[in-house]
Amino acid sequence: MGEVAYIALGSNLGDREATLAGARAALRALPQTRVIAETAVEETAPFGPPGQPPYLNQMIALETSLSPHALLDALQRIEHDAGRVRRERWGPRTLDLDIVRYGDRTLADERLTVPHPGLATREFWQREAAALGRALDG
């Protein structure tokens, strides 16, 4: 079908469980895309300004024929539909969907950097991306 993209899901506002469930359903409904693996949901400390509530995080592997930018557009629509308002960088949010990896591609432009530049500093992402990779290989 296409390439494997790793998507990080996060929520620290509102009904976090329901928000992530809605995001998973929306990812499953994307055209030219199928969910091929997912990690368990885990509560993590917030990344960014202090005083935020903890996040619920998850990582999902998608097989997709969407281009990286078309996938980014789709993820941003899902965030918007979940009530995401972009105010403060790394601030609290109803839903955050990040492309962590997209196949073996390296990409950097004004809209998208792949692999995600935060991958090197986010333990949850590193651990869960590695777990997904092992699950897909074995």
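Where a number appears in this text, it was derived from the coordinates with a stated rule and is not lab data. Just so it is clear, the structure is predicted and the values come from calculations on it, not from any experiment. Here the Cβ is made from the backbone with ideal geometry for all residues, glycine too, and neighbour counts use every protein chain on show.
For first residues located in the range 69-83 and part of a helix (DSSP H, G or I), partners that are surrounded by fewer than 14 Cβ atoms within 10 Å (Cβ to Cβ) and lie 6+ apart or on another chain with Cβ distances below 7 Å form the pairs His69/Arg111; Leu72/Arg111.
Please find, among Arg16, Arg34, the residue that is touching a residue at least 12 places away in the same chain (Cβ under 8 Å), surrounded by 17 or more Cβ atoms within 10 Å (Cβ to Cβ) and farther than 23 Å from Thr113 by Cβ. Matching residue, one of Arg16, Arg34: Arg16.
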